Amino acid sequence: MSRAALVTGASRGIGLAIARRLAERGWDLTISARSEQTLRDVADEIARISSTRVLPVVADMGSEEDLQRLAAAHTEHFERLDALVLNAGMGSIGPFSEFPVRRMDKLMNINVRSAYVLIQQLLPALRATAGATDASRVIAISSLTGVAAEPLNSAYGASKAALTSLCETLNTEQSASGVSATAICPGYVATDMTAPLTDNVPADSMISPDAVAELAVALTRLDRSAVVPAIPVSRPGPSVWRV
C-alpha cells in the first residue's frame, strides 16, 4: 500500500518542493492551497511525473470550516496518513511598538491555530497509520526567528515559536505510540514570501526551498525509534543562528 501525506501550502515554494519529492517516491497526496487553478496545475504536474494519486483541496488556513473539510477529504479518499506537512503560513514584519494587534491575531490564526486544528482532526488517522510498528510524522515548517530573535519579527517569531512548541508538546503525548512531530526552523528561504527582502538579503544567499524539502522527506524515512523535535537551519555565514 502506498504511503500518504497531506501537504498544506503546496502550490509553491517549500510546500510544492515537498509535494514533488514525495510524489517522485510514490506517495499518495492530498495537496492544499487557496488558489484553485494553481492547485490544479500542481496536481497536473505531479500526474505527469508520477502515477501517484493526488487529491487537490482548496482551503483557507484561516477558516476552521475549511480545515475540517480538508481533513475529512483526506481521510475519505486515502486509507492512511503517514505524514502531515504543515507548510502553509503567512509572514508580516514591523516594529514591536507599532505592530497592529489585529495582524498579530491573523498571524497566530494562520501559523498556529490552523496547525492545531489539523493535528486534532487528523490525529486518529496518524495513530491508526502508526499502529504497532510503523511511524507517522507531523512535519511543520517553522522558522529560525522562533528560535533566535530578530528585529521587526516580534509577532511572526512568536507565532513560529508557538508552532515549534506545539510540535515538542505533541511528542510528549504521542511519540510513544508512533506519532511524532518535527518543526523545521529555517532562516530566510528564497520564496515569494521573502522576495520583498532581497534588497537587504540577496536571494542567492538564502536557503533554497529544495534544501528544506529534502530535510522534510528525510524525516519520513526514519523509523519510530527516532524522535526529532526541531531542526534549526541557518544560512551560511559567521553566525550560528544566521536568519
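The values are calculated or read from the model by the stated rules, or taken from the named source; none is laboratory data. All of these numbers come straight from a predicted model, not from anything done at the bench. All Cβ positions, even for glycine, are placed from backbone atoms using ideal geometry, and neighbour counts span all protein chains on display. These accessible areas exclude ligands, DNA and RNA; they are computed on the full protein's heavy atoms, side chains included. Shrake-Rupley method; radii C 1.70, N 1.55, O 1.52, S 1.80 Å.
Scanning region 94-131 for residues that are open to solvent by 80 Å² or more (accessible area, probe 1.4 Å), touching a helix residue (DSSP H, G or I) at 6+ places or on another chain (Cβ under 8 Å) and in a loop (DSSP other than H, G, I, E, B) returns a single hit, 96.
Scanning region 191-202 for residues that are modelled with pLDDT of 70 or more and open to solvent by less than 50 Å² (accessible area, probe 1.4 Å), we see that the one that is nearest to the chain's Cα centre (by Cα) is 191.
So in region 46-72, with the set limited to residues that are of a type in the set (Gly, Ala, Ser) and out of contact with any Phe, Trp or Tyr (no Cβ under 9 Å at 6 or more places or on another chain), which one is nearest to residue 89 (Cα to Cα)?
Once the filter is applied, the top-ranked residue is 62.
Starting from residues that are of a type in the set (Gly, Ala, Ser) and open to solvent by 50 Å² or more (accessible area, probe 1.4 Å), keep the ones in region 155-176 and report whichever is modelled with the highest pLDDT. Break it down stepwise before answering.
So in region 155-176, the residues of a type in the set (Gly, Ala, Ser) come out as 155, 157-159, 161-162, 165, 175-176.
From what is left, the residues that are open to solvent by 50 Å² or more (accessible area, probe 1.4 Å) are 165, 176.
Working: 165: 98, 176: 94.
Per the stated criteria, the residue is 165.
Whenever a residue of region 166-188 is free of Cβ contacts under 8 Å to residues at least 40 places away in the same chain, its partners that are buried (at least 20 other Cβ atoms within 10 Å of the Cβ), lying with C-beta atoms within less than 9 angstrom and at least six residues away or across chains, give the pairs 169/181; 173/179.
So which residues in region 132-149 are buried (at least 19 other Cβ atoms within 10 Å of the Cβ) and either among the polar types (S, T, N, Q) or under 20 Å from residue 90 (Cβ atoms) (or both)? Walk me through how you get there before you give the answer.
Step one: filter region 132-149 for residues buried (at least 19 other Cβ atoms within 10 Å of the Cβ), giving 135-147.
Answer for region 132-149, where residues must be buried (at least 19 other Cβ atoms within 10 Å of the Cβ) and either among the polar types (S, T, N, Q) or under 20 Å from residue 90 (Cβ atoms) (or both): 136, 138, 139, 140, 141, 142, 143, 144, 145, 146, 147.
Residue pairs whose Cβ atoms lie under 7 Å apart, separated by 6 or more positions or on different chains, with the first residue in region 100-114 and farther than 19 Å from residue 164 by Cβ and the second part of a helix (DSSP H, G or I) and open to solvent by less than 100 Å² (accessible area, probe 1.4 Å), are 103/155. Restricted to strands (runs of 3 or more DSSP E) entirely inside region 1-84, those with at least 3 residues that are of a type in the set (A, V, I, L, M, F, W, C) and buried (at least 20 other Cβ atoms within 10 Å of the Cβ) are 4-8, 28-33. Within region 22-42, the residues that satisfy the criterion of being closer than 21 Å to residue 2 by Cβ and within 18 Å of the chain's Cα centre (by Cα) are 22, 23, 27, 28, 29, 30, 31, 32, 39, 42.
Determine, yes or no, whether residue 162 is assigned to a helix (DSSP H, G or I) and in contact (Cβ under 8 Å) with a residue 60 or more places away in the chain. Answer is no for this residue.
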